[in-house]
Structure formats: C-alpha cells, structure tokens
1. What is the sum of charges around Gln92, taking Lys and Arg as +1, Asp and Glu as -1, for the other residues whose C-beta is under 12 Å from the C-beta of Gln92?
2. What is the P(r) of the chain, as percent of Cα-Cα pairs per 10 Å bin from 0?
3. Please state the shape class of the stretch 87-205: rounded when a/c is under 1.5, otherwise prolate if a/b exceeds b/c and oblate if not, all from the C-alpha gyration tensor.
4. Name the most mobile residue of Ile72, Ile205, Ile51, meaning the one with the largest mean-square fluctuation, in a Gaussian network model of the chain with Cα contacts below 10 Å.
5. In the Gaussian network model of the chain, springs joining C-alpha atoms below 10 Å, which of Ser77, Ser158, Ser214 carries the largest mean-square fluctuation?
6. Quick one: putting +1 on the C-beta of Lys and Arg, -1 on the C-beta of Asp and Glu, what dipole do you get for the chain around its Cα centre, in Debye to the nearest 20?
7. Tell me, how many Å apart are the Cα centres for the stretch 39-55 and for the stretch 210-235?
Amino acid sequence: MSIELWYWPEIPGRGEFVRLFCEGFGIEYEDMAREQGTDALVEHMHALEGIRPFAPPYIVDDGVVIGQTAHILGYLSDKEGLGSGEPEIDLQLAQLQLDISDFVEEVHSVHHPIASELYYADQMEAAFERAQHFREQRIPKYLIHFDNALAAHGGPFSLGQQPTHVDTSLFQIMEGLDYMFPRYMKGMQGTWANLEGLQGAVPDIDGITDYLASERRLEFNENGIFRFYEELDEQ
C-alpha cells in the first residue's frame, strides 16, 4: 500500500526531501496535491482530526498522519529498515536530519528575514544584509559540519557505501545552494569535498536517476525555499 504525501504542488520545498527519499528507496507514494490541486490539500488538512500537522508536508500511512520533514523521514526509514540497524547510529542520523531542518529554515530566512507574510520586495534591504551574513558565516558553519559527518564512515554516503535519508536530503541542500548562490558556490568549489562527492553519488542511485530525469522532479523556482535573486549572490 502506498503512502499519501501532502504538499504544495507548485514547489519542491520541504516536500522534495520526502519525495527524493521515497524515489531513491522504492517507497511507493502518491503526491496527492500534484494530482488533486492546492484546494484539495487545504481541505484535507483542515478535515484532519486530533493533533493536526502545523503545515505541509505530511504523510498519511494506513490512517496514521505524520508531519514535519525530519519526523517523516525517520518514520519511513525505520518502517522500511533503511537505517544502520544500530540504535546509536540511527539516532545520529536523526540528529543530522534535524540539523538539516534547522539549516533549511535559515535558508528561507535569507529572502524572508523580517516576516514570512511579507513579499521579498518588501524586505529586500534586510535580505541583502542577511544574505551576506549567511554566505560568510552560516553556510560554511553548516557545510563543514555536514562534510565532517560524511567523513565519519568514509563516504561517499553517511553510512559509507550505504545511502540513507540524510544523503538524499544533503543532495537537495547542495543542489539548492547551487541554484540560490551560483557565483558563491562556484567560488567555494573544493571546500567541502565530501559533500561534493555525495552530490555526484546520489544521482547514481537507481531510483534517483530515473526521478531526476522525470517530470515528477520539480525545478527550483522563486516561490520555494531555495530562490535565486542575483542581488543576494556574491558580487
């Protein structure tokens, strides 16, 4: 039985982290809002009973509703037996996925540094300042952390030769940063060798290869998390 994935149909966003993992590891899912539209997503979420997800993405698996990207990925990994099999290491993978969630939130705050409810055009001056700090301080801090984590088991993946949900998520991070800050990332090539190796290795996973070549893979755009604004890239 396939799971239901509910997420905004027009953007990769946080839902893409779930899509990549499912595609890469053969987990059957239905991308419900891509099939039924945004109105169906809103109606479905509001109709849920009990403790509802705060926001998409969320999944429904045999009646069980699970929200939050890192929580979804951990649940699916455990259910499908796609972790290390060692509780201590699996907890470390969950920790890394939470670090990724923190980083994604900081990415979004680059172009929305004042308020999510405001348009980018209404906070451009603050975004310019935020982007400079993000490039100079936050990207290196996070990517060094992730690069060191990949080195712990010899790479190219977080468990050495075995990919996990952490690897598909880090792939999306690197692809997103390449889109968002092309000049900056080009200038930093070679700095994070393990992450760059992972970025080259993940597309060779059978399910990912097919997915990236398909229409199911949404392109980055200026409505998602990773947005390209030339003025925010390194000058």
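Laboratory data are not the source of any read-out in this text; all were calculated from the coordinates shown. Model, not experiment: these values are computed from the prediction. In this analysis, Cβ positions are derived from the backbone assuming ideal geometry, glycine residues included, and neighbour counts consider all displayed protein chains.
1. The answer is -4.
2. 7, 32, 37, 21, 4, 0
3. The shape class here is prolate.
4. Of Ile72, Ile205, Ile51, the Gaussian network model singles out Ile51 as fluctuating most.
5. Ser214
6. Dipole about the Cα centre, nearest 20: 480 debye.
7. Centre-to-centre distance over Cα atoms comes out at 27 Å.
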